[in-house]
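Written out below as C-alpha cells is the structure these notes cover.
The values are calculated or read from the model by the stated rules, or taken from the named source; none is laboratory data. Here the structure is a predicted model, which is why all the values come from computation and not from measurement. Backbone-built Cβ (ideal geometry, glycine too); neighbour counts: all protein chains shown.
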Amino acid sequence: MIPVSLPRTVWIILGIVILTMVICVAALIAALPGSTAANQSQTSEAIPPMQGQFSTLTLATAFPDSPASVPVYRVDAIESIHEINGNRFSEKDSIPSAEEAPALAGESLKKYGGLPENALLVSVVPHYVQGYNLQTGENKKSAGENTQVRYIQVINTSPVIGAGIDLDLGENGEILSIFKDWITSYTTIGDTGIIPAQKAYAKLTTTGTVDRIQGTLPEGAKVTKIVFGYYLDCDVGSTLEPVWIFYTTFPDNPVAIPLMVDATDQ
C-alpha cells in the first residue's frame, strides 16, 4: 500500500516510537558489564521494563453496537496520485478559511476527476507561519502557509483507513499538493465474524494495535469516537482488513487520529 499523506498528528506517534527505541538502547548499554549503571543496579532496585500500555488513554465516548458479521472485500483496483505542485510551506498572501476550503477543494479536484461520491470530509486545518523578531523579541504577525483538507473513502457506510485524499490548498484554492489513494473497484467475497468493540478496546489499552505502536501515549489522550471500518494494507487482489477504529485526540492537537485494532482476532 502507498498510504495517504500522513496527518501531522501522526508524527506524535512516530515520536513515541523513537523515544521508546532510545530508552531501550540506553537500558542495554547500562546493563553491560563494567558500566557504572550496571554496578549501581546491583545495590538498587532495577528499572522496570516499559510495559507498552496506554495507561494515559481515557474513554470519552460510548461503545457502539457490534454486528455479528461484516462483509469481506477484495481490492480490484486502486487509483494513486501523489503530486506536489507548489511550495506548501512558504508564506502566502492569503489561504482559504476552514469554512470556504471544502468548496474550493471540490472545485480544484475537477482536474483530477472530481471528488468521489463516497468521500467523507475528515478535517480542514489552516496552517500559519509564526514569525519572530530577534531584535525586539516580539512575535511577528502570523502568515498563512496552507490549508489542509482531508477526505476518507467510505465503503458501505464504513470508513477505509489508508484510502483517501489529502490536499494542501494555497491562494484561491490552488492545490499545492495532492496525495490520493482510492479504491476504484472492489468485490464482496463473503462475510466474517468480528469481536465486540469492548473487547477491541481492551486490546487497544495494551497496545494491541494493527500497526503495533509501542510506548505510552501522551497525558490527556482521549478516545472520542469508535467506529467499525477497514484498513487498506494490501495490494490489488488482497482483502481489506476489518478493524475497530478508535479516533483519539491529544491536548496539543485536537484533530483525531485513528488507532486501529484487528476486529477479527478472536
Checking L169 against (1) surrounded by fewer than 20 Cβ atoms within 10 Å (Cβ to Cβ); (2) modelled with pLDDT of 95 or more, which test does it fail? (1)
In the set G220, G215, G208, the lone residue that is surrounded by 15 or more Cβ atoms within 10 Å (Cβ to Cβ), at pLDDT below 95, farther than 19 Å from S66 by Cβ and of a type outside the set (V, I, T) is G215
Can you list residue pairs whose Cβ atoms sit under 6 Å apart, with the first residue in region 243-259 being modelled with pLDDT under 85 and the second being assigned to a loop (DSSP other than H, G, I, E, B)? Count only pairs 6 or more apart in sequence or on different chains. N253/T9; V255/T9
Going through region 66-103 one residue at a time, which ones are of a type in the set (A, V, I, L, M, F, W, C) and closer than 22 Å to V154 by Cβ? A68, V70, V72, V75, A77, I78, I81, A98, A101, A103
Residue hits (region 149-160; buried (at least 24 other Cβ atoms within 10 Å of the Cβ) and touching a Leu at 6+ places or on another chain (Cβ under 7 Å)) are V149, Y151, V160
Selection over region 227-239 where residues are assigned to a strand (DSSP E or B) and either at pLDDT below 95 or more than 15 Å from V154 (Cα to Cα) (or both) yields a count of 1
Tally, over region 245-262, of residues that are in contact with an Asp or Glu (Cβ under 8 Å, 6 or more places away or on another chain) and either assigned to a loop (DSSP other than H, G, I, E, B) or surrounded by 22 or more Cβ atoms within 10 Å (Cβ to Cβ) (or both): 2
